[in-house]
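Colleague: One structure is given below, represented as structure tokens, and several questions about it will come after.
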């Protein structure tokens, strides 16, 4: 069961410093409609925000923090699709394509979200072409990026896969060569698509070869060019 914590000091959508590019193109009337049909909540680390198989009743806007998007296969194995960072939407793939949510989302840290009534969200898409365009750009960009990431990953051995994930976290998620790894070793294995044991082995190998440094959950990429070479060679 999902427990959310209502924020009594809700900020107007028009004044929100964390609003998306899509919301920025809404007019005052549309911002008022959005404001009256959304609810802010604080989600604690480890809580499930959306579960696959549930009916889609809301679109969720991630104001702050990081979320993992994942699926659980018929063999009960979990595969992490991607890490989603702040100022992103959860559940857009189910907005028009399916009434049932296809993915599960779990908070990787304490974060703030907004639940937006799905019918109101659809109304804004239909009424405001610029709003719809910004959403389409976002969905297409993320879908293409993840599609090619999965295709190239499936063609590489573990060293290449691990290099890819480190570059993905560094350049796509954190925009920094130094970052706090938000995942456990098991979750990192689920993102790469290999066993936990193999993940630990390659992590140690990259550390011993001084490609990266590790201090607790903090990772620093020391040899970015070498990491790109390993990624390219697979």
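Colleague: Tell me which of these residue 150 doesn't satisfy, since it passes every other one: (1) surrounded by 13 or more Cβ atoms within 10 Å (Cβ to Cβ); (2) touching a strand residue (DSSP E or B) at 6+ places or on another chain (Cβ under 6 Å); (3) within 24 Å of residue 87 (Cα to Cα).
Modeller: Among (1) surrounded by 13 or more Cβ atoms within 10 Å (Cβ to Cβ); (2) touching a strand residue (DSSP E or B) at 6+ places or on another chain (Cβ under 6 Å); (3) within 24 Å of residue 87 (Cα to Cα), the lone unmet condition for residue 150 is (2).
Colleague: Yes or no: region 167-177 includes at least one residue that is in contact (Cβ under 8 Å) with a residue 24 or more places away in the chain, within 30 Å of residue 55 (Cβ to Cβ) and under 22 Å from the mean Cα position of the chain (by Cα).
Modeller: Yes, the conditions are met somewhere in region 167-177.
Colleague: Output the residues belonging to region 200-234 that are free of Cβ contacts under 8 Å to residues at least 40 places away in the same chain, in a helix (DSSP H, G or I) and surrounded by 15 or more Cβ atoms within 10 Å (Cβ to Cβ).
Modeller: Correct list: 226 only.
Colleague: For the structure I just gave you, tell me whether residue 180 is out of contact with any helix residue (DSSP H, G or I) (no Cβ under 8 Å at 6 or more places or on another chain) and at pLDDT 90 or above.
Modeller: For residue 180, the condition - out of contact with any helix residue (DSSP H, G or I) (no Cβ under 8 Å at 6 or more places or on another chain) and at pLDDT 90 or above - is met.
Colleague: Given (1) buried (at least 18 other Cβ atoms within 10 Å of the Cβ); (2) under 30 Å from residue 21 (Cβ atoms); (3) outside the structural domain of residue 62 (by TED's automatic domain parsing), where does residue 135 come up short, assuming only one miss?
Modeller: Against the list (1) buried (at least 18 other Cβ atoms within 10 Å of the Cβ); (2) under 30 Å from residue 21 (Cβ atoms); (3) outside the structural domain of residue 62 (by TED's automatic domain parsing), residue 135 comes up short only on (3).
Colleague: Which of the residues belonging to region 168-198 are in a helix (DSSP H, G or I) and crowded, with 17+ Cβ neighbours inside 10 Å?
Modeller: Once the filter is applied, which keeps residues that are in a helix (DSSP H, G or I) and crowded, with 17+ Cβ neighbours inside 10 Å, region 168-198 yields 168, 169, 170, 187, 188, 189, 190, 191, 192.
Colleague: Quick check on my filter: what residues within region 89-114 are within 18 Å of residue 39 (Cβ to Cβ), at pLDDT 90 or above and surrounded by 18 or more Cβ atoms within 10 Å (Cβ to Cβ)?
Modeller: Across region 89-114, the qualifying residues are 89, 90, 105, 107, 111, 113, 114.
Colleague: When you go through 73, 46, 32 one by one, which is the residue that is surrounded by fewer than 18 Cβ atoms within 10 Å (Cβ to Cβ), assigned by TED's automatic domain parsing to the domain that holds residue 92, in contact with a strand residue (DSSP E or B) (Cβ under 9 Å, 6 or more places away or on another chain) and at pLDDT 85 or above?
Modeller: 46
The values are calculated or read from the model by the stated rules, or taken from the named source; none is laboratory data. Owing to the predicted nature of the structure, the values given are computational and were not obtained by experimental measurement. Note: ideal-geometry Cβ built from the backbone for every residue, glycine included; neighbour counts use all protein chains shown.
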